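The structure appears below as structure tokens.
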Amino acid sequence: MSEIANIESRRQFLKVAAGTATAAVVVAMLPRAARASGLPHLSPDNAAAQALGYVDNTKLVNKGKFPSHTDAQRCGNCAFCSAKAGAKWGPCQLFPGNDVNTDGWCSAHKMRA
Ligand code: SF4
């Protein structure tokens, strides 16, 4: 291999190595909720959860307090939830430190398109 080809292959190696290191740093900086679920389950007693009327079963919603709620609305079909298909719990953008119950509900529910 010529000296020029050798230098070129070293350059390519360094570019790939730098790109891999950058990707690893970016992934490490993502919030935990953006990477995977398995977070502590959100309790309806949590202050932020209470503020949004969160319950871990949509059938338990206080219909007097939330008259527009329907039993068809649940975290599992909410645009803010990224639980895997069939999962019982998963991440919600509004509660980044916790997983929500896919049968749950809160007043910020937005039906997924
Ligand atoms: S925003 Fe959606 S996914 Fe999050 S708790 Fe409320 S209903 Fe559930």
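Bear in mind that the values in this text are calculations on the coordinates, not laboratory data. Because the structure is a prediction, the values reported are computed rather than measured. Glycine gets a Cβ as well: all are built from the backbone with ideal geometry, and neighbour counts include every protein chain shown.
Things to note:
- Tally, over the range 99-113, of residues that are free of Cβ contacts under 8 Å to residues at least 40 places away in the same chain and small (Gly, Ala, Ser): 1
- Residue count for the range 63-98, restricted to those that are within 17 Å of residue 43 (Cβ to Cβ), out of contact with any strand residue (DSSP E or B) (no Cβ under 8 Å at 6 or more places or on another chain) and either free of Cβ contacts under 8 Å to residues at least 24 places away in the same chain or assigned to a strand (DSSP E or B) (or both): 3
- If you go through the range 90-113 and keep only what is charged (D, E, K, R), surrounded by fewer than 16 Cβ atoms within 10 Å (Cβ to Cβ) and more than 7 Å from the ligand (Cβ to nearest atom), you end up with just 112.
- Only one entry in 72, 83, 87 is more than 7 Å from the ligand (Cβ to nearest atom), buried (at least 19 other Cβ atoms within 10 Å of the Cβ) and of a type in the set (A, V, I, L, M, F, W, C), namely 83.
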